[in-house]
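The values are calculated or read from the model by the stated rules, or taken from the named source; none is laboratory data. Because the structure is predicted, anything quoted here is derived from the model rather than measured. Here the Cβ positions follow ideal geometry from the backbone for every residue, glycine too, while neighbour counts run over all protein chains shown. Please note that ligands, DNA and RNA were not included when accessible areas were found on the heavy atoms of the full protein model with its side chains. Shrake-Rupley method; radii C 1.70, N 1.55, O 1.52, S 1.80 Å.
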Amino acid sequence: WENRFTFWKYNLRYEPRNAIAYNNLGNYYFQKKEFEKALNHYNLALKYNPDFSKAYLNLGLVFLEYKEAQKAIEYFRKAIKKDPTCYEAYNNIGNLLLKDNKIDDAIIAYQKVLKIAPQAGVYYNLGIAFAKKGLYKKALECFKIFVKYWQGDYQKIQQALINIKKLEKLIKK
């Protein structure tokens, strides 16, 4: 196949009700920042499989791009309803709640992610939430775990190390 796009388009010619193909074409358009096309494809995925949690998750991500937090949360919750192990939805909800200063609810969402599928990045988010709540020892613990396991960009590790130093000073006082 030339690329993923041609593969999934070809697939739809022979299976026009293939929800996975529509979802993956939606992902292709999402990555190209063609959000309207992505939205249409995710909705087609749900038309053919109303229980497809990933399509709900992806619709939530489109609405995040549109800066429609409430609508995004609505779709993330639908993803969780269809698949209670959809940790990405819990993490995205946690991020939105944290941004909205609903810290206790954000902590609960992040802790659900850690129960389902521990992710290094969630420890960073949880560390921020604990720090905002004044739970500095818990925040410090989270940032240390994050630094130990994070495989992503170096800048985030640098920020976590800065946070660790600040928290250690706060705890000593």
Set Lys and Arg Cβ to +1 and Asp and Glu Cβ to -1, take the dipole of the chain about its Cα centre, and tell me which of Tyr42, Ile107, Tyr66 lies farthest positive. Ile107
Put +1 on the Cβ of every Lys and Arg and -1 on every Asp and Glu Cβ in the range 6-103; which of Trp8, Tyr29, Ile80 then has its Cα farthest towards the positive end of the dipole? Trp8
Relative to the Cα centre, what is the charge dipole magnitude of the range 1-99, using +1 at the beta carbon of each Lys and Arg, -1 at the beta carbon of each Asp and Glu, and rounding to the nearest 20 debye? 80 debye
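What number comes out for accessible area per residue over the range 1-78 if the probe is 1.4 Å? Units Å², please. Provide the component values of the computation, followed by the final result.
Numbers: 4700 Å² over 78 residues.
Each residue of the range 1-78 exposes 60 Å² on average to a 1.4 Å probe.
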How many angstrom separate the Cα center of the range 47-124 from the Cα center of the range 139-168? 23 Å
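At a 1.4 Å probe, what is the % contribution of carbon and sulfur to the accessible area of the chain?
Reported share for carbon and sulfur atoms: 52 percent.
Any idea what diffusion coefficient the range 91-173 gets from Stokes-Einstein, in µm²/s, Kirkwood Rh on alpha carbon pairs, 4 °C, 1.567 mPa s?
Working: Rh = 12.6 Å.
The estimated diffusion coefficient comes to 103 µm²/s.
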Treat the range 25-127 as a sphere of radius equal to its Kirkwood radius over Cα pairs and apply Stokes-Einstein at 4 °C in a medium of 1.567 mPa s; give the translational diffusion coefficient in µm²/s, rounded to a whole number. 94 µm²/s
Which loop GluC sites (Glu not before Pro) in the range 67-173, with loop taken from DSSP, have no more than 14 other Cβ atoms within 10 angstrom of their Cβ? Glu68
For the range 67-138, take N as its residue count and report Rg(C-alpha) divided by 2.2 N^0.38 Å. 1.05
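Between Rg and the Kirkwood Rh of the chain, both from Cα atoms, what is the Rg to Rh ratio?
Numbers: Rg = 18.8 Å, Rh = 17.5 Å.
On the Cα set of the chain, Rg over Rh gives 1.07.
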By how many degrees, 0 to 90 and rounded to 10, does the Cα axis of helix 19-31 deviate from the longest principal axis of the chain? 60 degrees
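What is the calculated FRET efficiency for Asn43 to Lys115, with r their C-beta to C-beta distance and R₀ = 25 Å, to the nearest 0.05?
Details: r = 31 Å, r/R0 = 1.23.
The formula returns an efficiency of 0.20 here.
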